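Following: one structure in structure tokens, then a few remarks.
The values are calculated or read from the model by the stated rules, or taken from the named source; none is laboratory data. Just so we're clear, the structure is a prediction, and the values are computed from it rather than from any experiment. We place every Cβ from the backbone using ideal geometry, glycine too, and count neighbours over all the protein chains shown.
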Amino acid sequence: MEMNNQKNILVIGDLTTAHNYGAIATSETLKKIFFANYGPKVKYIDHRSFVRSTPRNGWDSSPSMKNRTIYEKIYDIIKPYDSHNFILNTGLKLLGETTTSRKDIPYLYRDYKKYLEKMLDGNVLQYEYDLLEWADIIYINGEGNVVNGTDKYGVYRIGALYILFLAYVAKKHFNKYCAIINHTVDPNNEDAEEIIKNVYPLLDYIAVREPYSIKTLHKMGIKNVELVPDALFTFVPDTDKNSWKPSDILNKEIDFTRPYICIGDSSGIKSRTNEVKWDVYDIYSKLIKQLRTITPQIVFVDGFNGGHESINRIVKENKIGRINLENCNYKELYHVLSNAEIFISGRWHASILSLLAGTPILLWGADSHKTRGLYPLIDYPYRFFQIDTLPLHIADITKETKKILEDKKSIKSKMSKKVSELRIDAENNTIPSHLP
């Protein structure tokens, strides 16, 4: 490792600017591991470059950053009323940016050579070119980018297209060591699959975070892949459970002297490209009513951070507590979940925090097979629910919740051992054994 400390490390995927629990928690965890293993010679490309073209000299030096900062502060206030992203997209267009299309990356594999030439001529991705040239070793934090999602123009997920092209450039042009780590692969898009089939075999190391992604890649003929648990499994709280005290803000949302069930949403409920067909308010309200027969206090873990109108209505009209990034960071979320009876949701990272905290989970689907893949990863014998058919299974979810709570003591014991094993294995996201 001493030799590796002398190398320049580029990490594509500091997602702390993505404003969701999982992105912030996992990116901070990864950055700690990278610093511990490689020291200060690590540079990052952050989430803004996954959705918008990076300014030539990076984000902080962009002339439009001041205007963007003001706009983002204003948008945080009006975001709950922008359910279809109309205000968001209009504002970004006024700033000369867009979230729905980019001209600096190829959408199809057949255009890769043409865009590489554009990059070499200095017409696109020059910030990225300079960093790829500087780096000795390149890591791509894939997270939840290579999953389901095709927009109304037929274009696959922009973030995935961005990192896949940079992986191609890193190997084809620079011939650098390049690894894609900490991610799920479930594209459900033939254009994306063609890119993956051509790019992934070039890579030196591929680490996926659940077993279903291995099956998906094997079907594409890609065998050079390893199962490595999500980096979040290495998270260690700053404060132990016994000494942690909730803030006054959290005390307004949760009565910590009484038992409570945490329930959450899912990326499968709504994204830029997909949305469930069922009535979110109606189904959640029915489920909450049923869960209250088990434990009267219900707390909603809001992954949309106040940006989903139906969830806002669910919280208000069912008179339940709500936590999100506005009143509870991910370190506090760990402690909130540690005091819960169970966490029921379709959220991947929050579920990992729950497991780390020793609280059992009950899951339904997301925008990929990732939440389904968490069950075999932890040898979990309980029922998993498909998100599209959730309206038919409210009674089943309630029944399974009771079953899990009856087994809670046994689950905690088994999960403690399993999580300890996953914590050790998760280190392989940043220190693969064959690293040069």
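The helices (runs of 4 or more DSSP H) found entirely in the stretch 1-112 that carry 3 or more residues being within 29 Å of residue 191 (Cα to Cα) and either at pLDDT below 90 or touching a helix residue (DSSP H, G or I) at 6+ places or on another chain (Cβ under 7 Å) (or both) are 21-38, 48-51, 86-94. When the stretch 383-395 is filtered for residues that are outside any loop (DSSP other than H, G, I, E, B) and either surrounded by fewer than 14 Cβ atoms within 10 Å (Cβ to Cβ) or aromatic (Phe, Trp, Tyr) (or both), the ones remaining, listed by number, are 385, 388, 389, 392, 395. Applying the set (1) in contact (Cβ under 8 Å) with a residue 12 or more places away in the chain; (2) loosely packed, with under 14 Cβ neighbours inside 10 Å to residue 257 leaves exactly one unmet item: (1). Given the residues 185, 124, which is the only one that is out of contact with any strand residue (DSSP E or B) (no Cβ under 8 Å at 6 or more places or on another chain), at pLDDT 95 or above and not in a strand (DSSP E or B)? 124 is the lone residue from the list that is out of contact with any strand residue (DSSP E or B) (no Cβ under 8 Å at 6 or more places or on another chain), at pLDDT 95 or above and not in a strand (DSSP E or B). Residues in the stretch 366-382 that are surrounded by 17 or more Cβ atoms within 10 Å (Cβ to Cβ) and not small (Gly, Ala, Ser): 367, 369, 370, 371, 372, 374, 375, 377, 378, 380.
Of note, residue 358 does not satisfy the criterion of being under 18 Å from the mean Cα position of the chain (by Cα), among the small types (Gly, Ala, Ser) and over 19 Å from residue 23 (Cβ atoms). I'd like to know if the stretch 396-417 contains one or more residues that are among the acidic types (Asp, Glu), assigned to a helix (DSSP H, G or I) and more than 21 Å from residue 292 (Cβ to Cβ). Looking through the stretch 396-417, none of the residues is among the acidic types (Asp, Glu), assigned to a helix (DSSP H, G or I) and more than 21 Å from residue 292 (Cβ to Cβ). Scan the stretch 197-206 and give yes if some residue there is in contact with a helix residue (DSSP H, G or I) (Cβ under 9 Å, 6 or more places away or on another chain), without any contact (Cβ under 8 Å) to a residue 24 or more places away in the chain and part of a loop (DSSP other than H, G, I, E, B), otherwise no. No - not one qualifying residue is present in the stretch 197-206.
Of all the residues in the stretch 382-436, those that are basic (Lys, Arg) and more than 26 Å from the chain's Cα centre (by Cα) number 5.
Count of the stretch 254-286 residues, restricted to those that are under 25 Å from the mean Cα position of the chain (by Cα) and not small (Gly, Ala, Ser), is 18.
Condition check ((1) surrounded by 16 or more Cβ atoms within 10 Å (Cβ to Cβ); (2) among the aliphatic types (A, V, I, L, M)) across all residues:
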residue: 279; (1), (2): no, no
residue: 286; (1), (2): no, no
residue: 291; (1), (2): yes, yes
residue: 298; (1), (2): yes, yes
residue: 304; (1), (2): yes, no
residue: 320; (1), (2): yes, yes
residue: 329; (1), (2): no, no
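The number of residues in the stretch 211-265 being among the hydroxyl-bearing types (Ser, Thr, Tyr), more than 21 Å from residue 376 (Cα to Cα) and in contact with a Pro (Cβ under 9 Å, 6 or more places away or on another chain) comes to 1.
Please tell me if residue 266 is modelled with pLDDT of 95 or more, more than 14 Å from residue 322 (Cα to Cα) and of a type in the set (Gly, Ala, Ser). Considered against the rule, which asks whether it is modelled with pLDDT of 95 or more, more than 14 Å from residue 322 (Cα to Cα) and of a type in the set (Gly, Ala, Ser), residue 266 comes out as yes. For the residues 190, 210, the requirement of being over 26 Å from residue 374 (Cβ atoms) and modelled with pLDDT of 95 or more singles out 190.
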